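In what follows, a structure is listed as C-alpha cells, so that the remarks can point back to it.
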Amino acid sequence: MRTVLIVKDLRRWWSDRNALVITLLLPLLLSGVLGVSFGGFGGGGPQIETIPLDVVGDPPAMVRDALDRALDEAGLFAVTWTDSATARTRVAAGKARAALLVPPDVLERVFNGGTVVFGLWKDPGSVFQAQIVQEILERMVLMLKAGEAAYFGAWPLDWAQPGQDGAIAELFQGDSSLEVWRRIADGGPQAKAAWEEFRTLMDHRAALQDAFSEPLIDLRVEDREGAAPDPQEMASRNMFDWILPGMGIFFLMFAAMNAAADLHREREGGTLRRILAAPLGSADVILSKWCYAMLNGLLQLTVLLAAGKVLFRMNLGPDLWSLPVVAVAGAALLGSLYLPLALITRNEKQMSSLGTGITLVLGMLGGSFVPTDNLPGFLQKIAALAPNGWAIRAMTDVIARDEPLREVAPLVLRLLIASMVLLAVSLAIHRGRGREALL
Amino acid sequence: MIQVRDLRKNFGDVKAVAGVSFEVGQGEVFGLLGPNGAGKTTTISILSTLLPADGGSARVCGHDVAAESHAVRRRIGVVPQELAVYEELTAAQNLDVFGRLYGLSGDGLKRRVGELLELAELSEHANRPVKGFSGGMKRRLNIMVGLVHAPDVLFLDEPTVGIDAQARTRILDLIGQMNRDGLTVLYTTHYLEEAEHLCDRIGVIDHGELVALGSKEELIGQIGEQDTVRVAAPPALWEELLQAAASWEDVTAAGIHRGKVQFQCLDGASLLPLLGRWLAERGLGLHQLEVIRPDLESLYLKITGRALRE
C-alpha cells in the first residue's frame, strides 16, 4: 500500500469544498439540530427518567438527611428507604437497579475516624455504575467530617468550661516557652486545669487529622441474581449520548460510500489508468482507498464527538481508549463496506443509486433512525446481521452506557473481522476481473 | 524499444486489435493513425500493461508486457486521452504524487518537478489548483505527469484532443523537444496533420488491423497517386487548353472539373510554368489555381474507402 495514494486522497478531500461540507459540516449541522432538540445545550434538555435506588439501614437522622441530600443533588436516582428483604426482592425483580446498605455504625465511624464500610447489591446484568454511588458517598462523608473540622476550627474555646474563659491565654502569656513551662510546673490548679484543657483540644485536632488521612469509605459491591435488565433503562441521562452513535455511523456510511465511489471518479477521469500504469500492485489501490475511507470517517467522527462533548456535554466513555478503539473498528468496517459495490458497478451514477438504497436500508436495520428493539421480530433477526448496527451498538455501549472496552470487545472484534472479510471480497472481485475491473 | 507481434484483443465479439505487428526504434516517434474505435487506445493499453492481450506478444524496453509487467511499468510513461490529473491539487502536487509512485522523493523529486513545470511553461502556476487552468495548460501538465519519472518510452494517447490550434502547436513542439532529447514516443492520433508533422513513421490502423506502415513518404508512395492541378480559364479556351496539355510531358490526364480545367500529373510544380506561359500568351493569368498533392487522407481513403473523420 502506498502512503502517497492515501495522502493524495486526503489532500483532494481537504481541497474540495463540497466534500468538506458533505462529510463535516452537514453531519455537524444535523447532529446539532438533533442535539438541541433532544439534548439541549449543555445537556440541559429533556432527560431520561431517574434510576431507582433502594437504601437499606436506619442511620441517625443526621446521616440520613446528608445521604438523601447527596443522592438528590446528583440528580440521578429515585431513592427509596427500605429494609434489607424488600430491597433484595426489588433488585431481583428489576424494580430497583441496586440497593445501598448503610452500616449501623456509620456515625461513629465518621466522627471517631476509620473507614465507613457501605454495601451495594446490584443485578449482575445491570449496567449500574457503582463508581457514581461511591463518589456520592465519599462526598457525603467528607462533608460530615469537614463540618466537624469547621466546628472545631471556628469555636475551639467552646470546649473550655464556663468560668475558665481566658485561662489558656493566661497560661501562654509571656515571652518564652520556659516561662510557660514554669507556670505549668509551679502554678496552681487553675494553670494545671488550663493545661489539661489545652491538651484535650490538641488531642481532638490530632484525631481529626487522622480521620482525614484514612480512606473515607469502602463500597463493597455484590451482585445479586435477578431478572434480566430492562433494555429501556438507560445509564446515560443525556439523550444526545443515545442519538449520536446512530447518526454518526449513518453519516459515516455516506462518507465511506463517497470515498469508495472515488474509484469510479478516478477511472472516469483517467487518473486510475495512470496509477495502474505505475509499478505498484492494483491491490495497493484498493487498500489505499480503504485506508482513505477509514481516515476520512475517523476525522468525521472526531469532529462529531468533539462537538458533542463541547456543545452537549456528551459522555466519551469510561476511559480514554474505549471510544477511539470502537471508532477505529467502526470506520474500518464502513471503509470496506462499499468497496465491493464500487468494483461491481459500472459507473458512479449506478453506484450512487445502489449505494444510497443500501445505506438507507442498513441505516434503518442498524438502528440509526429507530432502536432495533422497536422493529418487528423478524426484522430484528435481520437487523442483527447489519454490520453498521454492530458499530452503533458498540458506540452506544461506550458512550451512553459507559461500558469499558472489555465489555464491547466482542463487537469490536466482529467489526474488524467483517472489515477484513469485505476487503478480501473486494480483492477477490478485483483479482477475478483483473486490472480491467478498474479500467 | 517496442516490438509488437500479431497482437490480438477481443471485447466479446468485437475484435479491438486483430493481429497488429510493428516495431519502434530507440528515439523514434511512431504514430498510430486511425479514427475513433480503430484500436489505438487498446493497443496502447496492452503495451502499457493495463490490459492483457488475447494473443500475440509485445515487448517494451526488452521486457515482455505480460510476464514482466512491473519492469515495463518502470520504463514507460503513459499519457491517457483524458486529462488524467487531479483538478483539486496544484500542478506541483500532481507531479509530486506521480513522482512518488515511481519512488522519487526529496530534493531529486523537487528538482524534477521544477524542471517539468519550466518545460511546460507552468512554473508561474505551480501552486495553483489545476481546476483553474485552461485546456491547453491542463494538457501540457497531463504530458508532464507522464514524464515525471524520466521514462524511456512515452505512450501518448491523443494528447491534443479538445484544445485550440495554438495550444496544439505548443504541445507538438514540446513532444518534438522531448524526442530530440532521446525519448521514444508512441503517439496515437486521428489528426493527419499531427502525424505528418511529428512522426518518423506511421502505422495506419483501422478496425483493429494495421493497414499501412512506413514513413510519410513511403506511405504516400504506396498510394501511387499523382498531383492534381486545377485552374480557372474562359470556357471558350477549354478545348484548346486540353489539346495543348496533351502534349505536355508529365500530364497523364486532363479534363473539366466544376468549371475549372483539371490536370493529373506526376509533379504539379513542374506543370505550373507551362501553364502560366500558355495563359500569358493569351493575355490571361493564373487564377483560382489549386495544386492538390496526395496525402495521408488520400491514403486512408484509398485503403479503407472512407475519410479518416467519418
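Quick notes on this structure:
- Any hit, the stretch A:45-67, residues being surrounded by fewer than 17 Cβ atoms within 10 Å (Cβ to Cβ), modelled with pLDDT of 80 or more, part of a helix (DSSP H, G or I) and not aliphatic (A, V, I, L, M): yes
- Boolean, A:Ala293 is in a helix (DSSP H, G or I) and either closer than 21 Å to A:Arg12 by Cα or free of Cβ contacts under 8 Å to residues at least 12 places away in the same chain (or both): yes
- Output for the stretch B:170-209, where each listed residue is of a type in the set (Asp, Glu), in contact with a Leu (Cβ under 7 Å, 6 or more places away or on another chain) and surrounded by fewer than 19 Cβ atoms within 10 Å (Cβ to Cβ): B:Glu196
- Between B:Val79, B:Val60, the distinction of being β-branched (Val, Ile, Thr) and either within 9 Å of another protein chain (Cβ to nearest Cβ) or more than 26 Å from A:Arg267 (Cβ to Cβ) (or both) belongs to B:Val79 only.
- Selection of the stretch B:1-43 for residues being over 14 Å from the mean Cα position of the chain (by Cα), surrounded by fewer than 24 Cβ atoms within 10 Å (Cβ to Cβ) and under 17 Å from B:Cys199 (Cβ atoms) yields B:Met1, B:Ile2, B:Phe22, B:Glu23, B:Val24, B:Gly25, B:Gln26, B:Gly27.
- Among the residues making up the stretch A:257-275, those that are without any contact (Cβ under 8 Å) to a residue 40 or more places away in the chain, facing another protein chain (nearest Cβ under 7 Å) and not β-branched (Val, Ile, Thr) are A:Gly269, A:Gly270, A:Arg274.
- Identification of helices (runs of 4 or more DSSP H) wholly contained in the stretch A:326-439 with 1 or more residues that are buried (at least 20 other Cβ atoms within 10 Å of the Cβ) and under 25 Å from the mean Cα position of the chain (by Cα) yields A:348-366, A:387-399, A:405-433.
- Flag for B:Glu88 being facing chain A (nearest Cβ under 8 Å) and surrounded by fewer than 22 Cβ atoms within 10 Å (Cβ to Cβ): yes
- All positions within the stretch B:154-168 that are touching a residue at least 40 places away in the same chain (Cβ under 8 Å) and surrounded by fewer than 23 Cβ atoms within 10 Å (Cβ to Cβ): B:Leu154, B:Glu158, B:Val161
- Residue among B:Leu104, B:Leu141, B:Leu147, B:Leu95 that is touching a His at 6+ places or on another chain (Cβ under 7 Å), in contact (Cβ under 8 Å) with a residue 40 or more places away in the chain, within 14 Å of chain A (Cβ to nearest Cβ) and surrounded by 15 or more Cβ atoms within 10 Å (Cβ to Cβ): B:Leu104
- Hey, A:Glu170 surrounded by fewer than 14 Cβ atoms within 10 Å (Cβ to Cβ) and either modelled with pLDDT of 70 or more or outside any helix (DSSP H, G or I) (or both) or not: no
- Each residue in the stretch A:306-320 was checked for being out of contact with any Asp or Glu (no Cβ under 7 Å at 6 or more places or on another chain) and surrounded by fewer than 22 Cβ atoms within 10 Å (Cβ to Cβ), and 9 of them qualify.
- Test for A:Ala283: is it within 14 Å of chain B (Cβ to nearest Cβ), of a type in the set (Gly, Ala, Ser), under 21 Å from A:Ile417 (Cα atoms) and part of a helix (DSSP H, G or I): yes
The values are calculated or read from the model by the stated rules, or taken from the named source; none is laboratory data. Values in this document were obtained by computation on a predicted structure and should not be read as measured data. Neighbour counts are summed over all protein chains in view; Cβ atoms, including those assigned to glycine, are modelled from backbone coordinates with ideal geometry.
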